[in-house]
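Asker: Would you mind keeping the following structure in view while I ask a few things?
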Amino acid sequence: FIRNGDCQIHEFPSYFEFGISTSAYQIEGAWNEDGKGENIWDRFTHEYPNRIADRSTGDIACDSYRQWENDINLVKDLGVTYYRFSISWSRLLPTGFSNKINPAGVRYYNNIIDKLLQNDIEPMVTLYHWDLPQPLQDLGGLTNPVIAKYFRDYAIVVYTLFGDRVKKWITFNEPWSICLSTYENGNHAPGIAMPGIGCYLCSKVLLLAHAKAYHAYDKRFRKTQNGIVGITISTFWYESKTLSEKDAVATERALQMNFGWCMNPIFSNKGDFPKVMKDRIEFVSKSQNFSESRLPTLTPSEIKYIQGTYDFLGLNHYTTRFIEEGNLTPSQVPSFDDDVGVKMEVDPKWEKSAAHWLFVVPWGFRRLLNWIRVKYNNPLVFVTENGYPDKGELNDEARIRYHNQYLTELLNSINDGCNVQRYTLWSLTDNMEWSSGYTLKFGLYYVDFNNSSRPRLPKSSASYYKGVINNRSLPNFTNC
Ligand code: GBH
């Protein structure tokens with residue numbers, strides 16, 4: 001399904017925009033200052049230091065709560081036209097509920113938004129980048145359907161306060177990561193491992209929460225504010241390891257059960273979870289003696305309510321795996337991996353990164369973008385993250401190579417007819433990489449975390465990215 005030859009365009013089209021991204025918990029710090037409430041990452045890092053690679057926390061992180069002005073100067077210096085950041089729910093609503101708004105939180109995000117606009121940088125705001133207010137977790141977090149309503153209330157507060165100036169909204173960052181890391185393997189806060197059960201409950205609540213926030217915007221804000229609302233979904237690319245029918249079927253199932261899981265209900269014409277996913281989980285659940293599928297049903301009215309709730313797709317993409325058919329005989333113990341039933345592999349020739357999960361496979365990006373074009377009727381795509389982890393080198397040649405190769409494939413995808421209009425590099429500065437703490441660095445700017453004033457220094461990749469943005473083309477365009 002890749003259409004044309006390579007190399008028809010070397011320059012990014014005039015409509016194409018470059019941006020840079022961060023998230024609140026990973027950069028802000030000031031976890032308990034000026035009225036901010038506790039969130040699940042505060043609680044998790046404080047209570048279970050062992051579960052973070054370097055026993056660190058986001059208590060100070062990059063100190064961006066104080067250094068936001070400097071950070072916007074760094075954003076400005078790159079020459080990007082927009083900045084993707086997230087709002088900390090509990091900085092704005094300390095208890096998570098919308099009856100009490102924290103004025104210092106309002107001030108903080110107003111300052112950021114105003115300063116961005118003064119510098120001709122568009123704010124692109126994520127409502128939920130993994131930092132749920134702790135009181136909502138105490139009620140069951142994203143497995144409790146009532147949280148969908150509280151998320152809508154939070155979204156309404158945010159639209160009301162900032163929607164006069166913010167015109168691009170992302171409801172959730174990465175449902176797949178939220179559901180699996182939180183409730184399947186428990187690697188992320190609040191660290192609840194309920195394999196084969198928690199992740200599916202979470203996905204339904206998350207979809208309803210997203211849809212409620214979307215409809216609220218539609219009904220009450222779109223007319224006056226004139227912005228757009230989407231969701232960011234992440235996925236690896238999965239490539240069949242062989243040409244066999246069996247492996248091709250397994251590969252499609254892997255794509256459907258990872259990416260399609262939350263993509264289908266929102267972006268497909270029919271809505272609902274993918275059929276192959278429903279069938280497989282129902283079959284495995286029954287054979288494990290459950291009375292019904294562990295994947296909750298979406299009722300016809302829920303399907304209708306969720307379907308079509310997007311103005312764009314936010315896509316996070318980092319890496320690729322090869323797929324083979326797995327052992328399809330269900331084990332006695334439920335788990336997501338067992339439900340998917342495939343074997344995932346990497347090619348030993350693929351270049352490694354500092355993260356065990358990330359291999360450099362640029363061509364997978366183009367395959368993915370084309371698969372989305374074909375399967376989902378060529379939606380408007382904003383790439384909301386793509387990044388490379390290393391140990392923090394200032395002369396970060398490997399990061400430059402990674403981005404140049406992935407951007408080459410993005411250009412090829414545009415040439416193939418994919419409607420990709422934005423590329424957002426992850427990330428502005430080195431930051432708190434969740435369970436990996438400060439052991440993995442994705443920044444264009446180095447941050448000295450041993451120095452209490454957290455000085456920033458540009459890496460080589462910062463000038464590389466500046467050059468791409470300024471020239472609107474890639475150095476050493478190698479695909480020709
Ligand atoms: C993004 O997730 C996040 O949005 C961002 O906050 C983060 O800083 C960035 O990536 C870099 O990681 O250890 O084998 O269980 C990317 C998708 C999903 C990648 C979970 C790592 C864990 C793999 N992530 N995955 S594993």
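Asker: Classify the range 321-480 from the C-alpha gyration tensor, please: rounded if a/c falls under 1.5, else prolate or oblate depending on whether a/b exceeds b/c. Write out the running numbers ahead of the final one.
Answerer: Details: a/c = 2.11, a/b = 1.24, b/c = 1.70.
Oblate shape, in that a/c is at least 1.5 and b/c is the bigger or equal ratio.
Asker: Quick one: what are the phi-derived ³J(HN,Hα) couplings along the range 309-320, Karplus 6.51/-1.76/1.60 with θ = phi - 60°, whole Hz, x for glycine and proline?
Answerer: Listing the rounded values in order: 7, 8, 10, 7, 9, x, 10, 9, 9, 10, 7, 9 Hz.
Asker: Taking the Cα centroid of the range 66-95 and of the range 154-200, what is the distance between the two, rounded to the nearest whole Å?
Answerer: Comparing the Cα centres of the range 66-95 and the range 154-200, I get a distance of 19 Å.
Asker: In a shell of Cβ-Cβ distance under 13 Å around Cys202, excluding Cys202 itself, what net charge do Lys and Arg (+1) and Asp and Glu (-1) give?
Answerer: Spelling it out: positives minus negatives among the neighbours equals 0.
Asker: Oh, and also: Say the cut-off is 21 Å between C-alpha atoms; which of Lys168/Lys223; Lys246/Lys270; Lys149/Lys204; Lys349/Lys466 go over it?
Answerer: Details: Lys168/Lys223 14 Å; Lys246/Lys270 26 Å; Lys149/Lys204 13 Å; Lys349/Lys466 30 Å.
With Cα atoms farther than 21 Å apart: Lys246/Lys270; Lys349/Lys466.
Asker: Okay, next question. State in Å² the accessible area per residue of the range 360-418; use a 1.4 Å probe, count heavy atoms of protein chains only, and round to the nearest integer.
Answerer: Values: 1610 Å² over 59 residues.
The answer is 27 Å² per residue.
Asker: Along its principal axes, what span do the Cα atoms of the chain show, with the longest given first and each in whole Å?
Answerer: For the chain, the Cα extents along the three principal axes come out at 57, 56, 48 Å.
Asker: Probe of 1.4 angstrom, ligands and nucleic acids ignored: what's the accessible area per residue over the range 197-346, in square angstrom?
Answerer: Working: 6190 Å² over 150 residues.
It amounts to 41 Å² per residue over the range 197-346.
Asker: Suppose every Lys and Arg Cβ carries +1 and every Asp and Glu Cβ carries -1, with no other charges. What dipole size does the chain come out with about its Cα centre, to the nearest 20 debye?
Answerer: Working: 51 positive and 53 negative charges, 224 e Å.
Rounded to the nearest 20 debye, it is 1080 debye.
Asker: Would you mind telling me the share, in percent, of accessible area of the range 337-480 contributed by carbon and sulfur at probe 1.4 angstrom? Please list the in-between numbers first.
Answerer: Values: 2510 of 5210 Å².
That share works out to 48 percent.
Asker: In Å, the Kirkwood hydrodynamic radius of the range 253-314 over pairs of distinct alpha carbons?
Answerer: Values: mean 1/r = 0.0818 Å⁻¹.
In the range 253-314 this quantity evaluates to 12.2 Å.
Asker: Follow-up question, since we're still on this one. Just to confirm my numbers, what's the Cα centroid distance between the range 352-381 and the range 272-306 in Å?
Answerer: If we compute the Cα centre of each part, the gap is 27 Å.
Asker: Sticking with this one: Using only protein heavy atoms and a 1.4 Å probe, report how much of Ser463 is accessible, in Å² to the nearest 10.
Answerer: So the heavy atoms of Ser463 present about 80 Å² to solvent.
Asker: Go through 168-180, 442-454 and give me the packing order, highest mean Cβ count within 10 Å leading. Numbers along the way, then the final one.
Answerer: Details: 168-180: 23.6, 442-454: 18.5.
Per-residue mean Cβ counts within 10 Å order the peptides as 168-180, 442-454.
Asker: While we're looking at this one, here's another question. Taking the Cα atoms of the range 101-193 alone, what are Rg (to one decimal) and Dmax (as a whole number) in Å?
Answerer: Cα only, the range 101-193: 15.1, 45 Å (Rg, Dmax).
The values are calculated or read from the model by the stated rules, or taken from the named source; none is laboratory data. Everything quoted here is computed from the prediction, not taken from an experiment. Neighbour counts run over all protein chains shown; Cβ positions are idealised from the backbone, glycine included. Accessible surface areas use protein heavy atoms only, side chains included; no ligands, DNA or RNA. Shrake-Rupley method; radii C 1.70, N 1.55, O 1.52, S 1.80 Å.
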